[in-house]
Structures are given as structure tokens and as C-alpha cells.
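As C-alpha cells, the structure follows; a few thoughts come after it.
Rule-based calculations on the coordinates, nothing more; no lab input. Keep in mind that what you see is a predicted model, and the values were worked out from it rather than measured. Neighbour counts are summed over all protein chains in view; Cβ atoms, including those assigned to glycine, are modelled from backbone coordinates with ideal geometry.
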Amino acid sequence: MHGSGASVGEHADLLTAPVDGLDEALAAVDALDRALVAGLLRPQPARAADLTRLAHAVAGSPLAARVAEAAEKAAAGAASEDHFLALAAARTALLGAAHDALTARADETTGRTRTETAVTAPAAQQAANLLMAARTWLADLARTGWQGIDHELVGSAAQIVSAMLPDPALRRLATLLDGFAAELAASCPGTALERFPARRWGDLWARALLLTQPGAAAPPAVGAATGRLLPLGVDLHEHATAAQAQVHAVFEPADGSAPRLVRASVSVPKPDTVVAAGVWQLLRPHLSLLAALGEGRTMDLTDMPLTDEGDLIWDDERARPGDPADPFATARVALPTATAAPTTPLDRHPTRLAEPVLLEGYSTQQDGDALTLTFAGHTLAVDTDRIPTAGPLIPEAVAASGACIGLLRWDDGRFRLQPLAVETTVRKKTVALQAGAWAGGTTDKTGVKAEKAATDAVTVLRERAGRLLRK
């Protein structure tokens, strides 16, 4: 792993060393999540103790008095919507502090510098009545608890979501509420569940509640980027009804200022029959960068919108393919000097950590499905579950590799590496394999077969839709 002014050999131990206060912060979050499972209408003594633990965790912060009062009221079963908001704020602040500590540790390991805190643009005026309706629904969920959810309570979100969706200023919250309600509906009734995704539902609940605050969903400030974009790799997220590709890259401004780490994302709805390499044909028309990545090219950008958080708001009209570029050359030459963008306050969460890094000179160990890389006497787990099936990169290729571009993440209490590309030896030649190699199209037999199956599935769906409309 390379960093400006620091080799990973000197700092590899930081990836396994404890982070001060991290366990305590996460334990306080877990305490609130246990209370949300049981519900806060008539809390038991153990849940009251959990609420007190959350309040103690933020006792040294500006939130102290409000959270102490909220914990006391919630423990008595008398919490108002404002009290729930304070509890959600405390939970979010603790996870934000955990995110900051882990990001600082990752930066210390890689030697990466980070720009100042992101600025947000002024928020558009939002419909207060709809925000209040959403807050009331979320408060009802907290009182009922995940154990008590039923279709009537969960289904009451649908009307709020429908009213919000036409308003662009409310769409972020509407989409979150819609997805959250769908997850809850699929798990109803709560009394039938043996296990609860307490951290995930706690995350969705707290985030949605904070987004009901006017101005909380303010967009990030946006500037214009002109210069050269050097792709490093693509992170593909695939669900039954949606897919997202997020390209990580180094941007070299034309004015000669310091290179920056940036991302470009595209999300599309998809039928559940389109899987694996077939997903690319749904994403490809919306992001020409995917073709450039598949072909191993740079892109020249002219006045491309770029947020202070490092997200390119992609516009194909402002980009054209550039020269051939090898991601490993980019990782060795440009990545060490690239500065990273900050994360806006509401997005600070350990799961957001995804730091592009280059690892070389490691050995690999395979134990069943568990794969680890060892370098400088330290081991790093490989998150093989995050390697998409929509490309030629497979866990076996990572196990046989000598260099890896990946995303440093935090998951299940430790740092892990998500591979984006590896260099391996095939017939005595060094070959690079990328997770996004088929993003722009492929002649690979497996990829071609998956693309054809996806084309057939989409064609059938279009024909069905056409018949329905004609009827």
C-alpha cells in the first residue's frame, strides 16, 4: 500500500491496533438499538439502562442535556418526537465519531491527506407538513419497536412517500422511507421474527428522522472540474430490483493543482431476472465512463460538476475518451499524491469508509472461504463477498495475485480489503484482471452469455409492458 511520504511497511500495524473509544461508542449505539427492538412505549428496566448508556456516551458533547432528558423521558415511556430526534442525533453523532476515527486511522496508514470539512449549499424550502407526517410515523415505529411492527403501521408510510416523491427537495427522504418501509413490510409481523437486523434498521430509522429536520437534506456545494480522469476501478452494488456502479478514480485538474480522489456513480432500476454481467447493459447507457474503464482509457472532462465530497455529477456531454491508461500505473504514480475529500456530517458512518489503496509484495493465505493478505508481518482480510460476479475477477485470482488495487473498508469490527483489480501471472506473463473489465462490453464467453440472457429478459419485459399498455 503506497502513501505520500509513508510506506505501508512502517504503518501496517495501525490496521490491527485498537482505536481508542471505538468499542465504547459502538456499544452505546447497540444499546439504543436494543431499545428500538423492544419498543419505547413501555420500556423494561434493561431498556431504560440502555437509554442511560447512550446518554452517558454523549455526556461530554453539546448534545448532553437534550439526550439526557430524552433518555429519561423515553425510559418512562413518555418520549415526544423531539426526544426521539435527540436520541437519533446522539446515535448518529457516535457513529460519526467512529467514522472519523477509522478514517483518520486509514489516512495515517496510507499517508493520505484530506481536504477540509465539506460545505453544503442552501437547502430548498421543504413542505413542513410532510416532514411532520414522516416524523410522526418514525416516532410510532420507535414506540412500537421492531418486535411490534405490523402491516397496518408499516403500510401507513405509503401515503407519505407518495406525497413526497413529486418534490425534488423531498425525494431523498421519500426514497429512504420507501425502502425502509419495504424492508419492514417483508418482515411483518415482528412477533414472528427470531432475529432482527437491529443495526441496519437503527441506521435507517435515525437517518430518516434527522432528514425530517428542515435543511438536513441540503445538497453539497458543487464546483466545475476540468482536467484528466484516471479510473482505478469500479464498485458494483446489485440488488433484486436495482443496481449501482461507483467508479473510483484520480482526477488531475488542468490548472496543475493537486490531484484528487473522486467518484462517479450511476444507479438504475432492474428486473430481478437480469443478473451478473447482464447488469452492465442497464448501467452502460447512463455513464460513458464505464466504457472507458473497460477499455483502459482516461477521460478528459470539461466543466464537469464536482461536489466538495468528491462526487462527479456525471454528464456525458462534458466528457470524452482520452489516452490509454493502466489502472496499476495510476495507482503507483497518481494515487499516492491524491488528496481525499471530506464526508458531510450526516453521511459519516463506518460503512461509508471506502479508501482506494494499492497493495504489493504480499503473500496470500486461503482457509476455506476466508482469504487473507500478509504484508510487513500483518494480515488483512479480503472481503471476497464484495467481488461482483459481473466480471473476470474471482477470489482465486486474488489468491494468486502479487498486486491489488482495492478499497479499504471497515466491517464486522476490523479493516478489510475489497479488491477492484489484481495483477497476476498467467503463462509467465503479468496480467491485470479488473472487477469492471466487462463494464464496456466483452468477448469473454461467460460475459457474452450473461449479456445475451439479460437482453432476452429485458426484451420479454418490454413486450409484456407493451401488451399491458395496449389493453
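Just so you know, the Rg over Rh for the range 341-388 is 1.08, from Cα atoms, with Rh as the Kirkwood radius.
For the chain, a simple Cβ point-charge model (Lys and Arg +1, Asp and Glu -1, everything else neutral) yields a dipole of about 1020 debye relative to the Cα centre. Taking a ≥ b ≥ c as the square roots of the eigenvalues of the Cα gyration tensor, the chain is prolate, since a/c reaches 1.5 or more and a/b is larger than b/c. Beta bridges from DSSP with both residues in the range 222-337: antiparallel share about 95 percent, rounded to the nearest 5.
In the chain, the longest principal axis of the Cα atoms and the axis of helix 45-57 are about 60 degrees apart.
Summarised in one figure, the compactness ratio Rg/Rh of the range 220-282, Cα atoms and Kirkwood Rh, is 1.11. Relative protection proxy for 322-329, 274-281, from highest mean packing down: 274-281, 322-329 (other beta-carbon atoms within 10 angstrom).
The order of the peptides 90-99, 143-152 by mean Cβ neighbours within 10 Å, most packed first, is 90-99, 143-152. Rg and Dmax of the range 19-211, both derived from C-alpha coordinates alone, stand at 17.5, 52 Å. Over all other residues within a Cβ to Cβ distance under 11 Å of V333, the charged ones net out to -1, with Lys and Arg as +1 and Asp and Glu as -1.
The length gained by stretching the chain between A254 and A169 to full extension, at 0.36 nm per residue less their Cα-Cα distance, is 27.3 nm. Per-residue ellipticity at 222 nm computed for the chain from its helices equals -12500 deg cm²/dmol, with DSSP H segments shorter than 4 residues left out and the rest contributing -39,500 (n - 2.57).
Between E116 and E24, residue separation times 0.36 nm minus the direct Cα-Cα distance comes to 30.4 nm.
Exposure proxy shown here: for T339, T442, T109, the number of other Cβ atoms within 10 Å sets the order, fewest to most, as T339, T442, T109. Taking 0.36 nm per residue of sequence separation and removing the Cα-Cα distance, the T136/D100 pair yields an extension gain of 9.9 nm.
With R₀ set to 35 Å, the beta-carbon distance separating E238 from E72 gives a calculated FRET efficiency near 0.20.
What do you get for the angle between helix 64-75 and the principal long axis of the chain? Use alpha-carbon atoms, 0 to 90 degrees, nearest ten. With both axes taken from Cα atoms, the answer is about 60 degrees. Normalised by residue number, the volume inside the convex hull of the Cα atoms of the range 222-337 is 101 Å³ per residue.
Principal-axis analysis of the Cα atoms of the chain puts helix 445-470 at an angle of about 50° to the longest axis.
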